[in-house]
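Engineer: Questions regarding the structure given below will be posed in turn.
The values are calculated or read from the model by the stated rules, or taken from the named source; none is laboratory data. Model, not experiment: these values are computed from the prediction. Positions of Cβ are backbone-derived with ideal geometry, glycine not excepted, and every protein chain shown enters the neighbour counts. Ligands, DNA and RNA are stripped out before the accessible areas are found, and what is left, the full protein with its side chains, is counted by its heavy atoms. Shrake-Rupley method; radii C 1.70, N 1.55, O 1.52, S 1.80 Å.
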Amino acid sequence: MGLLLYSTQALADISNYHPTSGLDRTGADYTLTASDLDKLEASDDDWYRTQTVWGYSHSYDPDEYLEFIFSPGITSSAVISDVTLHFEWHVQCSNVVYARLLIWDESAGNWVTESLPTAPTSDRMDIINLFSYINSPADVNSIKVKFQAHDGGYGGYTYHDWIELTVDYIVPECLEDADCDDGVSCTVDTCDEVDDVCVHTPDDSYCDDGLYCNGVEWCDPINDCQSGTPVDCSGYNLEEIETCDYNPDNYHYTWDYAAGFTSVCDEDSDACTEGSYTFTHTCADNDLDDSVLLGGCDAECDEDSDCPSFCEDDIRYYNGVCGEDCECSYTTQDCDDFDDWYDTDEYRWIELDICNEKEQVMQVYSDYFCFSDCGEVQCLYEETDTQWADTGETRYKEDLEGPVVTDIFVTPNPPAYCGEIIGNATLSDCHNIAYAEYFINQEAECGEPGTGTAMTAVDGSFDETEENVSALIQICPTSAYNFWVRARDSEDNWGECVSYTILANVPPLTYNVMVSGEGDDGIVTATADSSEMMSNIIAAEYFIDTNTPVGGGQSMDASDGDFDEYIEDVNATINLTALEPGEHTVYVHGRNAAGNWGNFGTFTFTIEGPTPTTTTTTTTTTTTTTTTTIPTTTTTIPPSPGPSAPSPAPAVSSFSGPGSGGPFITPCELNGVCDEWETPESCPSDCPREILEATTTTTTTTTIPTPAAICGNGECEEGEDFVNCPEDCEPEFEETGPALNYITGMFGAIGGTTASALMILLILIAIALGLIRFKVLPRFISQKEDSS
């Protein structure tokens, strides 16, 4: 196949630009409107006239000028070949004599003066070539033109009709092959080094898919690989035959029929499939009373009455005419063509914006359909919907409302404590804004109109229908405040008071501190609350027995998985085996998104007993009566490691204080006073147990080795007995176990059978009274227990 070369030329252009903005400083500063700028785009005697006459100074006033700004936006790679300014203008009478242009040269960073001939009294076009110093894309894109004039003694206006900047430039397309990637996969892309243009050579071989039936694929240098034209097998198709006059039958009154055949491309044989006709010849006529209803091999009609009007969907067929071909022809009308919205005579005015309202008309939707009745066929309609539609008419409405406050905010928010903030808002109204005020409070509404503190217009004066206002505010926020803004227009209409929330720069609270756990691990939980500041909790940490340095504690996790709310439940795991037996305090606090670490919430708990087994024997006697109390023996045994040995849940020092454990209140304040929320269990240092009057207590502690047997497996093994493992062993009184040593010693002086019987009787009485207790206590956190 032949190769097609696809290339472009370096982009050459001559572009004309008109001012996109302007400033008139002949009097008060005036910004040219879109309508003003339109007058400068054509030489049509539709002039822009200066706002006031040029001064009577007889010299150029540097602060008095017309400035025109262009925005060409020429690409930085462009090569400029010519820049020309067309400046059409004239003066009023002959009162203005001298005029000049100042052209901004971006490269030099200064204004270049172009003197103009004597001021004309009728339109004159001054054509000035600027290429000597405006010759780069940066110069063109930054160009500004100032027009200045002064009078000859009487002052006068100037009129400006057509101002146009003409730029002739070329944009090179490429410098090397790498610049010419057109994104088309089937072209070979090269850069013509002579003309600096890209050449894209299509290569069809990149597109061949190796299939026959879908045709030969080819390369389009713009749209990439294109599908080939599929092999057309329609030449082998056989059309369906339905006629009265098919040869060789050639018998007009028969219905001749043969099914059609559609050929397809066979990829295996690279060829089209072929078929053949099989005919049937069946007699038929227009007499619908017979059994052959294959009509019409006779004439369809012989007069117009054989062609009645009818509807087909919403198409109206009428004025039927029997033609020379013996078939009916009709005039048709699509009733749907009339479907549309139609105006009624009902009108209304509604608000268009704060200053204007617009007119609307009630419309109904007429849905047309074809209707046949007794041979009469016509288009009828039904009204299915209504709507209000704009007529295009507008009018100014009476202004009885005050200015609207939008974009209200303060910065910074939250403020530093006892620091300054700046309050801001935007005001708008149909009339000029006359006054603005603000309030700072924690109420649900602001004060009465006119009782607030005045705000300042950002541009220095209240003289426009839209004003940005601000105020410098000193505030010491301990909680959230409302910043309210209200304004009044020049018609003395007060607007609505609008509020903005000033956040309080306060640290988060921490409460619900709790330690719980089982075995070697404990869980510390707490709630960190920054809802007062409306700031998300972003971190939490805990300390054991010391709470410094802040930020250097052990990190905690959000219980729900993410730190993304004002109030977060937090948790962390504590390794209990690393703590010495005795009393410990956990300190917890949180940090919010404002960077504030909160105060600490605390919880005091106790790690109980050493691992070895201990036996404690207590003897209590009262002095008021001669009574002997059988001593209570407590045996503490670590849990057996067997699979069925129960692991008792650790008891945690309970606490209930004011406010159900409210923020910053700890279970034990260690102040020497037993407060109402403290108990002997949660705070033994402040709340010791009461001791009965005239009671003495003696305590003896003996260390017993830990049995090696497995308690709880249903077998009474060596080293187990009823005392240390009642789950597995029945009581056997003929053996003296560790729990009986103390009682045996008491009655050692009573010999023989009498002593043994008395000892067994006392043991049974002690068990019945619950004076002998059996407990399994592993190493865990528990409430502090009194030994009395």
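Engineer: Calculate what fraction, in whole %, of the accessible area of segment 133-252 sits on carbon and sulfur atoms when a 1.4 Å probe is rolled over the protein chains.
Structural biologist: Ligands and nucleic acids excluded, carbon and sulfur give 47 percent.
Engineer: Right, here's the next one. If you average the C-alpha positions of segment 347-394 and of segment 46-92 separately, how far apart do those two centres end up, in angstrom?
Structural biologist: Distance between centres, Cα-based: 52 Å.
Engineer: Here is a further query. Starting from 0 in steps of 10 Å, tell me what percent of the Cα-Cα pairs of segment 480-621 lands in each bin.
Structural biologist: Values per bin, smallest distances first: 11, 30, 21, 14, 10, 7, 4, 2, 1, 0.
Engineer: Restricting things to alpha carbons, tell me how big segment 345-398 is in terms of Rg and Dmax, in Å.
Structural biologist: That works out to 18.2, 60 Å for Rg and Dmax.
Engineer: So for segment 350-494, Kirkwood radius off the Cα pairs, Stokes-Einstein at 25 °C and 0.890 mPa s: how many µm² s⁻¹?
Structural biologist: Once the numbers are plugged in, D ends up at 127 µm²/s.
Engineer: Along its three principal axes, how long is segment 98-156 when you only count alpha carbons? Whole Å, largest extent first please.
Structural biologist: That works out to 41, 20, 15 Å along the principal axes.
Engineer: Leaving ligands, DNA and RNA out of it, rank S309, S76 by accessible area with a 1.4 Å probe, largest first.
Structural biologist: The ranking, largest first, comes out as S76, S309.
Engineer: Same structure again: Using just the C-alpha positions of segment 165-225 as equal point scatterers, what log10 of I(q)/I(0) does the Debye formula give at each q in 0.22, 0.24 1/Å?
Structural biologist: -0.84, -0.91
Engineer: Under a point spin-label approximation (7 Å from Cα along Cα-to-Cβ), what is the Y212-E312 distance to one decimal in nm?
Structural biologist: Computed distance between label sites Y212 and E312 equals 4.4 nm.
Engineer: With just the Cα atoms of segment 480-547, tell me how far they stretch along each of the three principal axes, in Å, largest first.
Structural biologist: Principal extents (Cα only, largest first): 79, 21, 16 Å.
Engineer: Which whole-number percentage describes the relative contact order of segment 1-121, with Cα contacts under 8 Å and a sequence gap of 6 or more?
Structural biologist: Reported as a whole number, the value is 21 percent.
Engineer: Tell me which residues come under 5 Å, amide H to amide H, from S559 once H is placed; ignore anything under 5 positions away on its chain.
Structural biologist: So S559 has HN proximity to D569, V570, N571.
Engineer: Residue farthest toward the positive end of the dipole of segment 117-252, with Cβ of Lys/Arg at +1 and Asp/Glu at -1: which of Y169, P120, V197?
Structural biologist: Sorting the options by dipole projection puts first P120.
Engineer: Nearest 0.05, what FRET efficiency do S479 and S185 give at R0 = 45 Å with Cβ-Cβ as r?
Structural biologist: The calculated FRET efficiency here is 0.10.
Engineer: Continuing with the same structure: What percent of all Cα-Cα pairs in segment 22-94 falls in each 5 Å bin, counting up from 0?
Structural biologist: The distribution over segment 22-94 is 3, 11, 20, 21, 18, 13, 8, 5, 2, 0, given as percents.
Engineer: Calculate the all-directions average of the projected area of segment 373-439's alpha-carbon convex hull, and give it in nm².
Structural biologist: Mean projected area for segment 373-439: 11.3 nm², to one decimal.
Engineer: Using 19 Å as the cut-off for backbone N distance, which residues of segment 192-208 belong to the label zone defined by a point 7 Å from the Cα of D224 along Cα→Cβ?
Structural biologist: Counting backbone N atoms under 19 Å from the label point, the list is 200-208.
Engineer: Can you give the accessible area per residue of segment 343-495, in Å², using a 1.4 Å probe?
Structural biologist: It amounts to 56 Å² per residue over segment 343-495.
Engineer: A further question follows. How big, on average over all directions, is the shadow cast by the Cα convex hull of segment 1-137, in nm²?
Structural biologist: The number I arrive at for segment 1-137 is 12.0 nm².
Engineer: Here is a further query. What residues have an amide H closer than 5 Å to that of D266, excluding those fewer than 5 places away on the same chain, when H is modeled at 1.01 Å from N in the peptide plane?
Structural biologist: HN-HN under 5 Å from D266: A271, C272, T273.
Engineer: Can I ask one more? Let a ≥ b ≥ c be the square roots of the eigenvalues of the Cα gyration tensor of segment 83-190; is it rounded (a/c under 1.5), or, if not, prolate (a/b larger than b/c) or oblate?
Structural biologist: It comes out prolate by the Cα gyration axes.
Engineer: Take every Cα pair under 8 Å in segment 193-252 that's 6+ residues apart, average their separations, divide by the length, and report that relative contact order as a whole percent.
Structural biologist: 21
Engineer: Round to the nearest 0.05 the FRET efficiency obtained for S559 and S59 when R0 = 60 Å and r is the Cβ-Cβ distance.
Structural biologist: Working from the Cβ atoms, E equals 0.15.
Engineer: May I pose another question? Label-point separation (nm) for E376 and Y342, each offset 7 Å from Cα along Cα-to-Cβ?
Structural biologist: 1.8
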